[in-house]
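J.: The structure under discussion is supplied below as C-alpha cells; questions concerning it will follow.
The values are calculated or read from the model by the stated rules, or taken from the named source; none is laboratory data. Computed from a prediction, not measured in an experiment: that's the story for all the values here. We place every Cβ from the backbone using ideal geometry, glycine too, and count neighbours over all the protein chains shown.
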Amino acid sequence: MISDKPSFDPTYGYSLESLLRVGWPEEPGDFVDFWESRYRRTLTIHPDPEMTRCKGDHPDFDVYDIGYRSTDGFIIGGWLLKPKREPIRRGLVVGHGYGGREAPDFDLPVGEAVILFPCFRGLARSRRPPVPDNPAGHVLYEIDRRDRYILGGCVEDLWLAVSTLISAFPHIEGHIGYLGISFGGGIGALALPWEPRIRIAHLNVPTFGHHPLRLTLRTLGSGEAVRRYERRHGSVLETLRYYDAACAARHIHIPVHVAAALFDPVVAPPGQFAIYNALAGPKSLFVLQAGHSDYPEQREQERELLAELRTFFEPL
C-alpha cells in the first residue's frame, strides 16, 4: 500500500463512466500464433513438483513448501495448501503482486480446494540472478528481446503451476481457477486465453493493460520504469504490443471477475478498465474506491468483495 500522497492525480481525470469507455490497442497480426505456440512448447515440460511439509500447524490447512520446474531451467518456489477437514474437489492458482509474497493466504473465499501460491521467476522464492528482484528492474529485464522478455516467462510459470496441480491431484482437472492481484492480475490476463485448463478467474487491479496509454500516465509502480525506458530508447512498444493484457483479454472466454479501482497511483485505472472492457466472455465488475492505497471504505469493500467471490467461484 502507498502511504505518501502522490504528486499527481491517481484518477487521471477519469470518471467511472469514462473508464468504462476505455478501449484497447490493436494487437499484432501474429499475436494469437505467438502465444499459442508458446503454450504448446511450455506444455512439453513436466514440472516434477517437490513438496515438503512445513513446520508448525494451521487449524484448517496442511502447508507445504513446493518447487517445480519451469521453462529456461527456472525452479519456481512457493507454497501449497491442502485442506485438513474438507474433500479436495477443485484447485486454485494464486498470483502475487510485484512486491512478491512472503507467505500463503489462508482466507481465500473458495473452500474444498487445494491452493498453489507460486512465486513468479525472479521474485520472492523464485529469485535467480541476474534477474532483478525489484519491480523497476524486473519489468525491464530483456524487454528489448520479444521472445525472451521476463513477462513471457512468468506466464509460462503460471501455465506450469496448473500442470503442477494436475500432476499432484489429477482428479481436480477441469475444476481449476485462478486469482491474481496487480502484477499477478496482468500475468493472469496474458495467460488465460491460451490455457483451457483454467475454467474461471478473478483479476484484482490488474496491470499491463493498454501499454500505449500506460506510457502516457505517470505512476509510482513498475510502469514508471517502462515510461523512462521508452523516453531513453523509444522502441519499447515493439515488445510490449505482444504483452498487452487488454489485447489478451479479447481472447478470454471463461467467466472473469475483475476488481478495478477508480483511484490508483501504482496501476493507472484506465489500464485496469481496458482489460475489463476488452473481456470477450462472461464478466463481472467490482468497483474499488482505490487500489494500492489505504482508504476509509477499504475494510467494508474487502468484505463485500470476498462475499462476491464466494458466490462467483462456487460453480468451479
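J.: Residue check, residue 166 against (1) closer than 15 Å to residue 242 by Cα; (2) surrounded by fewer than 23 Cβ atoms within 10 Å (Cβ to Cβ); (3) in contact with a Lys or Arg (Cβ under 8 Å, 6 or more places away or on another chain), all met but one. Which one?
T.: (1)
J.: Next question, about the same structure. Could you identify the single residue in 90, 125 that is closer than 19 Å to residue 202 by Cα and surrounded by 15 or more Cβ atoms within 10 Å (Cβ to Cβ)?
T.: Answer to the selection: 90.
J.: Looking at 3, 18 in this structure, which one is surrounded by fewer than 19 Cβ atoms within 10 Å (Cβ to Cβ), of a type in the set (Ser, Thr, Tyr), at pLDDT below 95 and farther than 27 Å from residue 157 by Cβ?
T.: 3
J.: Here's something else I'd like to know. Looking at (1) over 26 Å from residue 156 (Cα atoms); (2) among the basic types (Lys, Arg); (3) within 19 Å of the chain's Cα centre (by Cα), find the lone condition where residue 84 falls short.
T.: The single condition residue 84 does not satisfy is (3).
J.: I need every pair where a residue in the stretch 215-232 that is farther than 17 Å from residue 274 by Cβ and modelled with pLDDT under 95 has its Cβ under 7 Å from the Cβ of a residue that is basic (Lys, Arg) and surrounded by fewer than 18 Cβ atoms within 10 Å (Cβ to Cβ), sequence separation at least 6 or different chains.
T.: none
J.: For the stretch 50-59, which positions are surrounded by 12 or more Cβ atoms within 10 Å (Cβ to Cβ) and more than 26 Å from residue 160 (Cα to Cα)?
T.: Across the stretch 50-59, the qualifying residue is only 58.
J.: Still on this structure: Would you call residue 52 part of a loop (DSSP other than H, G, I, E, B), of a type in the set (S, T, N, Q), modelled with pLDDT of 95 or more and more than 30 Å from residue 286 (Cα to Cα)?
T.: no
J.: For the stretch 4-49: of the residues being over 20 Å from residue 162 (Cα atoms), hydrophobic (A, V, I, L, M, F, W, C) and assigned to a loop (DSSP other than H, G, I, E, B), which is farthest from the chain's Cα centre (by Cα)?
T.: Among residues in the stretch 4-49 that are over 20 Å from residue 162 (Cα atoms), hydrophobic (A, V, I, L, M, F, W, C) and assigned to a loop (DSSP other than H, G, I, E, B), the one farthest from the chain's Cα centre (by Cα) is 8.
J.: Which residue is surrounded by the most Cβ atoms within 10 Å (Cβ to Cβ), if the candidates are limited to the stretch 63-77 and must be touching a residue at least 60 places away in the same chain (Cβ under 8 Å) and either in contact with a Phe, Trp or Tyr (Cβ under 9 Å, 6 or more places away or on another chain) or not in a strand (DSSP E or B) (or both)?
T.: Within the stretch 63-77, the match that is surrounded by the most Cβ atoms within 10 Å (Cβ to Cβ) is 76.
J.: Just to check your reading of the model, which residue among 122, 91 is assigned to a loop (DSSP other than H, G, I, E, B) and either within 21 Å of the chain's Cα centre (by Cα) or at pLDDT below 95 (or both)?
T.: When all the criteria are applied, what remains is 122.
J.: Test residue 235 against the criterion of being in contact with an Asp or Glu (Cβ under 8 Å, 6 or more places away or on another chain) and at pLDDT 95 or above, and give yes or no.
T.: no
J.: If you don't mind, another one. Could you check the stretch 199-316 for helices (runs of 4 or more DSSP H) lying wholly inside it with 2 or more residues that are surrounded by fewer than 23 Cβ atoms within 10 Å (Cβ to Cβ)?
T.: In the stretch 199-316, the matching helices (runs of 4 or more DSSP H) lie at 211-214, 222-233, 237-240, 298-313.
J.: Right, next: When you go through (1) touching a residue at least 40 places away in the same chain (Cβ under 8 Å); (2) surrounded by fewer than 18 Cβ atoms within 10 Å (Cβ to Cβ); (3) not hydrophobic (A, V, I, L, M, F, W, C) one by one for residue 118, which number turns out not to apply?
T.: Condition (2) is where residue 118 drops out.
J.: Conditions first: (1) in contact (Cβ under 8 Å) with a residue 60 or more places away in the chain; (2) on the phi > 0 side of the Ramachandran plot. Residue 278 passes all but one, so which condition is the exception?
T.: So residue 278 meets the others, but not (2).
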